[in-house]
Structure formats: C-alpha cells, structure tokens
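Peer 1: Input: one structure, supplied below.
The values are calculated or read from the model by the stated rules, or taken from the named source; none is laboratory data. Everything quoted here is computed from the prediction, not taken from an experiment. Don't worry about glycine lacking a Cβ; one is built from the backbone with ideal geometry, like all the others, and counts go over all protein chains shown.
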Amino acid sequence: MSNLIPMAIAYDFDGTLSPGNMQEYDFIPRLKVASRDFWAEVDAYAREQDADQILAYMGLMLKKARQHEVPVRREDFHAFGAGIELFDGVEGWFDRINTYGAEKGVKVCHYIVSSGLREMIRGTVIATCFDAIFASGFMYDHHGIASWPALAVNYTTKTQYLFRINKGSLDVYDNSLINKRMPREDRVVPFSNMVFIGDGETDIPCMRVVTSMGGNAIAAYAPGSNGAKSRAAGLVDDGRATLIAPADYTDGSPMDRSVKAMVDKVAENGHVKAVGIKEADE
C-alpha cells in the first residue's frame, strides 16, 4: 500500500453529500420550530451580537436546547446524525472509488470539510469512510453535555483544512506543522492530487485554493432543484470549479465518471505537478 500514489477527495457535507442542512432532520423539529424560523433567528442573533454565523447557530442550538429540554450530549448528536438523508449512491461511493483507485495504483483518502457539526456527521452511516472529519463541534462539560463551541468552521477557515490534508497535520489542536514551511516533496498529498467537491458559495475559497494549485473542484448540485444547476455552472464560468455534476453518486453517474477520470489523471501523472502550476511552499 505504501507504493500507491496518494490522492485526497475533500467534501462539503450539507448540499453535497446530503440534501438540506443536517440540523433540519431531527434536531430542529425537536425544538418545535420551522427550519426557516430557526435560521432567521440565527441571522438576527448574529447581527445583534456582531457574531460569526457559525458561532451564532451553534450558540442558538444550545440556547434553544436548554429552553426545550432537548438533550445535547455527544451521543445525542450522534443520534440526530443517524437520521440524516444522503444523496443516491453515497453509501457505496467510498468503497467503489477506493477500489478503483487501488486498481490504478492510487490510494484515495476521503475528508469532510464542513460548517456543519462533526458530532452529527459521526452519527451517519458513512462516518467511518473518512480519514478525518473537519467540521464545527462542541466542548462538553463534566456531565458530558455540550457547553461551548470547540471549533467553528466557516467558509474562509475551511481552507486551513486543505493545507492540513496537504501536510498530513490532521489533529485540529496541533498547529506545529500547519504553520511550518514544508518543502513540496515532503507533503503527504500534493494539491495536484486533490479534489474538492462542494455545492455553493461557501465552498468557493476551497475550490479556488485547490484549482489554483493544480487540483480539481467539482460543483455538485441537487438533481431537480430549481436553479441549482445554473448556480453550479456559474462557479465553472467564474473559474472557481473545474466542472459541475449532479449530486448523484451511483455507479456510472456523471459524478462517478468524473472522479474516476481524475483518479486516472493522478495515476498517469504520479507526483508530477501540472505544467505551469506552482504550488506554494508555505
């Protein structure tokens, strides 16, 4: 396995692997409030406190949970995550792509880079498919109850985790490598061997980082969703994404064929950087 060429696929979660927002499946209904009203209150809360939107939604989740006596231990979030729906083909996707990669001499690793909650993602049926889950999360008190944000991942801080993947620095608390200059040849996964799959404007910084350094970005869109395809196409037109594909991960789908073609390219090029692409050493 050590002779395989390393490749990383990083995914947003909400709207990319799953329809909608993960909080809307089981958590928000427990608050007996409509999803649109919860998110409107998040917007108002963020404006009132001059706060980051991610910290605002996490803070409001805890506030509302106390008011409505909704349990918020780690295992409760896992249970909420178990109810999250996934797009067609997602459950079999990772094994299929891993097998295809291995046949081509490529070791494919999968990562989540999301503003959603890592605790909920860890409750899904695909949790064990990822080498790391970089997503917002809580700290827990001595009773095991969520008490404070531990990590808030917004659209700009998402890019940090691409560099963590690139350098092999996967522990969020450890900044010893992420801020250290590292020669390109010492990096675990070259950016040219990286794919980012996301669905919206919050994924643009990640798409730009990956594509500007020789990798690929796919703008996923929900099949049948009004305007979703044209919004995704706009990301390609603006030079943010490499291509668009429906969020359909079944065997033989455009997403499946596209990613397999990217695996083929990695296998063909190995660690050689694409001509004209300079990867930063920082």
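Peer 1: Suppose we filter segment 50-70 for residues that are under 22 Å from residue 143 (Cβ atoms) and loosely packed, with under 13 Cβ neighbours inside 10 Å; how many remain? Spell out how you get there, then give the answer.
Peer 2: Of the residues in segment 50-70, the ones under 22 Å from residue 143 (Cβ atoms) are 58-70.
Then keep just the ones that are loosely packed, with under 13 Cβ neighbours inside 10 Å; that gives 63, 66-69.
Adding up the residues that qualify gives 5.
Peer 1: If I filter segment 22-49 down to residues being among the acidic types (Asp, Glu) and either touching a Gly at 6+ places or on another chain (Cβ under 9 Å) or closer than 20 Å to residue 120 by Cα (or both), which single residue comes out as surrounded by the fewest Cβ atoms within 10 Å (Cβ to Cβ)?
Peer 2: Going through segment 22-49, the residues among the acidic types (Asp, Glu) turn out to be 24, 26, 37, 41, 43, 48.
Next cut, either touching a Gly at 6+ places or on another chain (Cβ under 9 Å) or closer than 20 Å to residue 120 by Cα (or both) only: 24, 26.
Values: 24: 17, 26: 19.
Checking each candidate, the answer is 24.
Peer 1: Against the condition outside the structural domain of residue 64 (by TED's automatic domain parsing) and within 27 Å of residue 221 (Cβ to Cβ), how does residue 127 come out, does it pass?
Peer 2: Numbers: outside the structural domain of residue 64 (by TED's automatic domain parsing): yes; within 27 Å of residue 221 (Cβ to Cβ): yes.
So residue 127 fits the description; yes.
Peer 1: Related question: Could you list, in sequence order, all residues of segment 152-169 that are buried (at least 16 other Cβ atoms within 10 Å of the Cβ) and either farther than 21 Å from residue 53 by Cα or not assigned by TED's automatic domain parsing to the domain that holds residue 208 (or both)?
Peer 2: 162, 163, 164, 165, 166, 167, 169
Peer 1: With respect to residue 9, is the statement that it is farther than 18 Å from residue 113 by Cβ and either surrounded by 14 or more Cβ atoms within 10 Å (Cβ to Cβ) or in the same structural domain as residue 254 (by TED's automatic domain parsing) (or both) true? Steps first, answer last, please.
Peer 2: Details: farther than 18 Å from residue 113 by Cβ: no; either surrounded by 14 or more Cβ atoms within 10 Å (Cβ to Cβ) or in the same structural domain as residue 254 (by TED's automatic domain parsing) (or both): yes.
The answer is no for residue 9.
Peer 1: Do we have any residue at all in segment 36-43 that's in the same structural domain as residue 189 (by TED's automatic domain parsing), part of a helix (DSSP H, G or I) and either out of contact with any Phe, Trp or Tyr (no Cβ under 6 Å at 6 or more places or on another chain) or at pLDDT 95 or above (or both)? Don't jump to the end; show me each part of the working.
Peer 2: From segment 36-43, those in the same structural domain as residue 189 (by TED's automatic domain parsing) are none; that's our starting set.
For segment 36-43, residues in the same structural domain as residue 189 (by TED's automatic domain parsing), part of a helix (DSSP H, G or I) and either out of contact with any Phe, Trp or Tyr (no Cβ under 6 Å at 6 or more places or on another chain) or at pLDDT 95 or above (or both): absent.
Peer 1: Determine, yes or no, whether residue 51 is within 20 Å of residue 154 (Cβ to Cβ) and outside any helix (DSSP H, G or I). Talk me through it step by step, then tell me what you get.
Peer 2: Numbers: within 20 Å of residue 154 (Cβ to Cβ): yes; outside any helix (DSSP H, G or I): yes.
The answer is yes for residue 51.
Peer 1: Over 26 Å from residue 44 (Cβ atoms), of a type in the set (Val, Ile, Thr) and surrounded by 14 or more Cβ atoms within 10 Å (Cβ to Cβ), is that true of residue 90?
Peer 2: Details: over 26 Å from residue 44 (Cβ atoms): yes; of a type in the set (Val, Ile, Thr): yes; surrounded by 14 or more Cβ atoms within 10 Å (Cβ to Cβ): yes.
Criteria met by residue 90.
Peer 1: Hey, among 124, 156, 128, which residue is out of contact with any strand residue (DSSP E or B) (no Cβ under 6 Å at 6 or more places or on another chain), β-branched (Val, Ile, Thr) and farther than 20 Å from residue 199 by Cα? Break it down stepwise before answering.
Peer 2: Values: 124 fails: farther than 20 Å from residue 199 by Cα; 156 fails: farther than 20 Å from residue 199 by Cα.
Sole residue among the options that is out of contact with any strand residue (DSSP E or B) (no Cβ under 6 Å at 6 or more places or on another chain), β-branched (Val, Ile, Thr) and farther than 20 Å from residue 199 by Cα: 128.
Peer 1: Restricting to segment 65-108, and then to whatever is assigned by TED's automatic domain parsing to the domain that holds residue 265 and of a type in the set (S, T, N, Q), can you tell me which residue is farthest from residue 190 (Cα to Cα)?
Peer 2: My answer is 99.
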